[in-house]
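Just below is one structure, and these are the notes that go with it.
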Amino acid sequence: MHHSAISRTLIFAFFGSLISSTSQAKEKITITGSSTVAPLLSEIAKSFEKQNADFRIDVQSGGSSRGISDTRDGSANIGMVSRALKADETDLVSHPIALDAITMIVHKDNPIKELSLENIKKDLYGANQKLESFGRQGPSHYRGE
């Protein structure tokens with residue numbers, strides 16, 4: 001099964017658990033937090049609302065910290081976070097819906113043929129602080145040179 005289909009199924013099940021815990025004719029579910037998660041949840045919420053006309057899902061971005069804060073103080077039913085919960089957030093329960101990846105790319109004409117995580121760390125934070133280490137001549141804009 002495709003990852004987005006799995007995520008959609010898990011979220012529908014979670015929304016379903018909220019439905020079973022209420023008896024009101026019209027229910028609003030508020031979801032706040034991570035701006036990177038919000039587009040996915042907005043699309044899933046639209047699909048859910050089409051299948052469940054008695055519900056309105058309000059998805060608001062504002063950062064992972066907002067999702068944590070709003071969930072804790074009750075102003076949101078669900079918080080969106082794009083990171084693992086911290087040690088001081090053990091009062092909350094995490095339900096991962098997706099994993100992401102970060103990748104580095106280079107132009108096909110760039111002389112770099114292979115990048116390792118170790119080399120990237122050295123180039124950006126370590127001894128190789130010149131743009132030449134990335135296969136280019138000239139000033140480095142990421143280091144303010």
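The values are calculated or read from the model by the stated rules, or taken from the named source; none is laboratory data. A quick note: this is a predicted structure, and the numbers were derived from the prediction, not measured. As a convention, Cβ positions derive from the backbone with ideal geometry for all residues, glycine included, and neighbour counts pool all protein chains shown.
Tabulated data
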| read-out | value |
| --- | --- |
| Among the candidates Ala38, Ala76, Ala45, Ala84, residue that is hydrophobic (A, V, I, L, M, F, W, C) and surrounded by fewer than 16 Cβ atoms within 10 Å (Cβ to Cβ) | Ala84 |
| Residue check for His95: modelled with pLDDT under 95 and either in contact with a Leu (Cβ under 9 Å, 6 or more places away or on another chain) or part of a helix (DSSP H, G or I) (or both) | yes |
| Listing of strands (runs of 3 or more DSSP E) fully contained in segment 27-83 that carry 1 or more residues being small (Gly, Ala, Ser) and at positive phi | 27-33 |
| Cβ-Cβ under 9 Å pairs, at least 6 apart or on other chains, segment 98-121 side in contact (Cβ under 8 Å) with a residue 40 or more places away in the chain, far side of a type in the set (Gly, Ala, Ser) | Ala98/Ser4; Ala98/Ser7; Asp100/Ser82 |
| Filtered residues of segment 57-87 (kept if of a type outside the set (A, V, I, L, M, F, W, C) and under 16 Å from Leu40 (Cα atoms)) | Asp58, Gln60, Ser61, Gly62, Gly63, Ser64, Gly67, Gly79, Ser82, Arg83 |
